[in-house]
1. Quick one: grab Rg to one decimal and Dmax as a whole number for region 119-171, Cα atoms only, in Å.
2. Give, as a single signed number, the net charge of other residues whose beta carbon lies under 14 Å from the beta carbon of G96, with Lys and Arg counted +1 and Asp and Glu -1.
3. Would you mind giving the three semi-axes, in whole Å and largest first, of the ellipsoid equivalent to region 63-171 according to its Cα gyration tensor?
4. Provide the packing ranking of 142-152, 95-105, 37-47, i.e. peptides ordered by the mean count of other C-beta atoms within 10 Å per residue, highest first.
5. With every protein chain kept in place and ligands, DNA and RNA left out, what is the accessible area per residue of region 24-171? Probe 1.4 Å, answer in Å².
Amino acid sequence: MCGISLCTRGALGEFGARPLNCTLGGAETDRQVTSDDVITELSRLGLPPGQYVVVGGAALAVRGIRETDDIDLVVTTELFERLAASGWAQHMRPNGKPGLHKGSVEAYLDVDGRDFTRSFSWLLSHAETLRGHAFVDLETLAGFKSSYGREKDLRDLELIATHRSGGPGAA
């Protein structure tokens, strides 16, 4: 992976995500995306407040728990349709549900696991506003990650537990 670009980037259209994994100062690098990078990219997107919640690794990165390589969003149906109409590429997720992506930003209607589901309105009502953006709360994120059960999610569960107990990355 490459880090976020510190060189000049092209103009943005409405909801124009820029790849987070391009170059760092014009040179290839494997630097991961940090908390500041996540906030910068979210601000550049200019998404309407109340229509998205940041989930996944970016919700960990913004809290300083670990870095990430993308930004995952759960969005309203209205915003999903607007993003699709504005040129975001559609793809089918492994669970058979549609997703959108532009650069390293992905948008979903849900991120439900096998045995852990939450509606968008529930996610938004329980979200933490950090640096002006809605992020999934850690308890809910842990529920999703536990339900997914992938190796990377199990590692994230350990990081979340360490963070919550005041260990490295704790605020």
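1. Rg then Dmax for region 119-171, in Å: 11.9, 31.
2. In short, +1.
3. Numbers: eigenvalues 123, 49, 38 Å².
So the equivalent ellipsoid measures 25, 16, 14 Å along its semi-axes.
4. So the order, starting with the most tightly packed, is 37-47, 95-105, 142-152.
5. Value returned for region 24-171: 47 Å² of accessible area per residue.
The values are calculated or read from the model by the stated rules, or taken from the named source; none is laboratory data. Quick caveat, the model's predicted, so the values are computed rather than measured. Methodologically, a virtual Cβ is constructed for each residue, glycine included, from the backbone with ideal geometry; neighbour enumeration extends over all protein chains shown. Only protein heavy atoms, including side chains, enter the accessible area calculation; ligands, DNA and RNA are left aside. Shrake-Rupley method; radii C 1.70, N 1.55, O 1.52, S 1.80 Å.
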